[in-house]
Amino acid sequence: MIDLSPEWITILMFGGLLIGLFMGHPLAFVLGGLAVIFGWIGWGPSIFYLFMNRIWGTMDNYVLLAIPLFIFMAQFLDTSGVAEDLFVALRYLLGPIRGGIGLTVVVVSTIFAACTGIIGASVVTMGLLGLPMMLRYGYQKELSCGAICAAGTLGILIPPSIMLVLMASEATLSVGKLFAGAVIPGLILASMYLGYIAIRCFINPTLGPPMSKAERGQVTNTQIFWMVMKSLVPPMILIFGVLGSLFTGIATPTEASGVGAFLAFLMVIAYRKFTWKGLREAVIKTAKTNTMVIFLLCGATCFTGVFLGIGGGDVVTDFVLGLGLGKWGTFWVMQGIVFVLGMFIDWIGIVLICFPLFLPISKELGFDPIWFVITMAVNLQASFLTPPFGYALFYLKGIAPQGVQLSHIYRGIVPFVTLMIIGLAICALFPQVVLWLPSVLVD
């Protein structure tokens, strides 16, 4: 064992974390490896007993069962074709408006977000459906890319969201309350995206020209109505089945996720998209995604166990509070740290690293825990859009048509990241935006 002060170990552990990430190593193994190295330095071989206890405690959390079930639900929905049908219906409904296809992307993504907690499926689906069509109509590339990336990330905030499930587990809060608290902030962000696209295209129609009258005339209003009903009613049944059973107290979060997976299975059958091959692929993709989450949980719980055990948490708390910025200055410093980390680390790593450090600080400052966690969730929306490692940017670039460069995507997300920051400020300045629904719906 080497005798090092908590301050030095804090610096070395976070320095090692940054070095490991910039070298391109997986976050789970960087966290786990640093835990082993500094745990051995601090306690010797006995540190492995701590690791076993913390990993067992994490795996024994019944709430985490909701994660694979929500992922499974999302995989079924991806194969059901509901997003494609809804996009076609709303394109005819909103197409005659300036920027109508962009508005369709946001509306479909918002509804799809309330059915899944996975952003990859939303961004890729909207990219394949919406981007070629927007470009064919003469939409500005930057506006098209920004709308798809921003709207596609709503799935990680609007419940049912696997991010909120993990946050609830880490913060020992009610999943139902976090789900309820995220509804209005998610709808505010979606409304801001809709307003931005509508205003910009109204001022400058060349950014998003409307659908031609000839194309709109190919279908009647009655046909559009039935197209919308056919593609909208099943997702709404799924949303009310999952969130309704949870908010009314009929089901626990884990049970609600099971309800969602079953309803999604029925939707695949109803849309005549069920195949044994599709079921097998859904199971395999669910297993892969869930395995990634579990590896990260194990690595992070060992890292935080060592870090807090050597007094690193007290070092960070004393440093942040010692800045003398006051209650709200400290709040924005923490949000700024999360925003910057989002440029380099995925949301799972940020939650697992920052929550053990920031939650005690927020409690000492007197912030409501539900409100504080939801503001963090709103902030983490930007982590999918901010370069150099924003996942949504690379999801879209991977399926974008020829002529769409990464520079178009980078420029396109700037206004939407700004809107996300404004949305965070609204949630911070008006806490009831977050707290009203949990107080009404959840005991």
**Request:** Assess whether Gly186 counts as being in contact with an Asp or Glu (Cβ under 9 Å, 6 or more places away or on another chain), crowded, with 21+ Cβ neighbours inside 10 Å and either closer than 28 Å to Thr116 by Cβ or in contact (Cβ under 8 Å) with a residue 24 or more places away in the chain (or both).
**Result:** no
**Message:** crowded, with 21+ Cβ neighbours inside 10 Å, modelled with pLDDT under 90 and within 18 Å of the chain's Cα centre (by Cα): is that true of Ile119 in this structure?
**Reply:** yes
**Item:** Residues (in contact (Cβ under 8 Å) with a residue 12 or more places away in the chain and either out of contact with any Phe, Trp or Tyr (no Cβ under 7 Å at 6 or more places or on another chain) or of a type in the set (S, T, N, Q) (or both)) located in the range 212-222
**Value:** Lys213, Glu215
**Fill in**
Counting only residues that are open to solvent by less than 20 Å² (accessible area, probe 1.4 Å), without any contact (Cβ under 8 Å) to a residue 24 or more places away in the chain and touching a Ser or Thr at 6+ places or on another chain (Cβ under 8 Å), the range 226-264 contains a total of 1
**Request:** Output the residues belonging to the range 395-407 that are crowded, with 20+ Cβ neighbours inside 10 Å and part of a helix (DSSP H, G or I).
**Result:** Tyr395, Leu396
**Message:** Suppose the filter is at pLDDT below 90, of a type outside the set (Ser, Thr, Tyr) and in contact with a Phe, Trp or Tyr (Cβ under 6 Å, 6 or more places away or on another chain); does Phe384 pass it?
**Reply:** yes
**Message:** hydroxyl-bearing (Ser, Thr, Tyr), surrounded by fewer than 22 Cβ atoms within 10 Å (Cβ to Cβ) and either modelled with pLDDT of 85 or more or on the phi > 0 side of the Ramachandran plot (or both): which single residue out of Thr317, Thr289, Thr330 fits that description?
**Reply:** Thr330
**Asked** When you look at Pro205, is it at negative phi, surrounded by fewer than 18 Cβ atoms within 10 Å (Cβ to Cβ), in contact (Cβ under 8 Å) with a residue 24 or more places away in the chain and not aliphatic (A, V, I, L, M), yes or no?
**Response** yes
**Message:** For the range 411-440, give me the residue count where each residue is open to solvent by less than 70 Å² (accessible area, probe 1.4 Å) and either in contact with a helix residue (DSSP H, G or I) (Cβ under 8 Å, 6 or more places away or on another chain) or farther than 21 Å from Phe339 by Cα (or both).
**Reply:** 18
**Item:** Those residues of the range 144-169 which are open to solvent by 10 Å² or more (accessible area, probe 1.4 Å) and not hydroxyl-bearing (Ser, Thr, Tyr), in sequence order
**Value:** Ile158, Ile162
**Complete:** Tyr196 meets each of (1) of a type in the set (Ser, Thr, Tyr); (2) crowded, with 24+ Cβ neighbours inside 10 Å; (3) touching a Phe, Trp or Tyr at 6+ places or on another chain (Cβ under 8 Å); (4) over 20 Å from Glu255 (Cα atoms) with one exception, condition (2)
**Request:** Enumerate the pairs (first residue in the range 393-405 and modelled with pLDDT of 80 or more; second residue anywhere and assigned to a loop (DSSP other than H, G, I, E, B)) with beta-carbon separation below 8 Å, excluding pairs fewer than 6 apart on the same chain, so at least 6 apart or on different chains.
**Result:** Leu393/Leu385; Leu393/Pro387; Lys397/Val404
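The values are calculated or read from the model by the stated rules, or taken from the named source; none is laboratory data. What you see is a predicted model, and the numbers here were worked out from it, not measured in a lab. Glycine also receives a Cβ, built like all others from the backbone with ideal geometry; neighbour counts cover every protein chain displayed. In case anyone asks, the SASA skips ligands and DNA or RNA and just uses the protein heavy atoms, side chains included. Shrake-Rupley method; radii C 1.70, N 1.55, O 1.52, S 1.80 Å.
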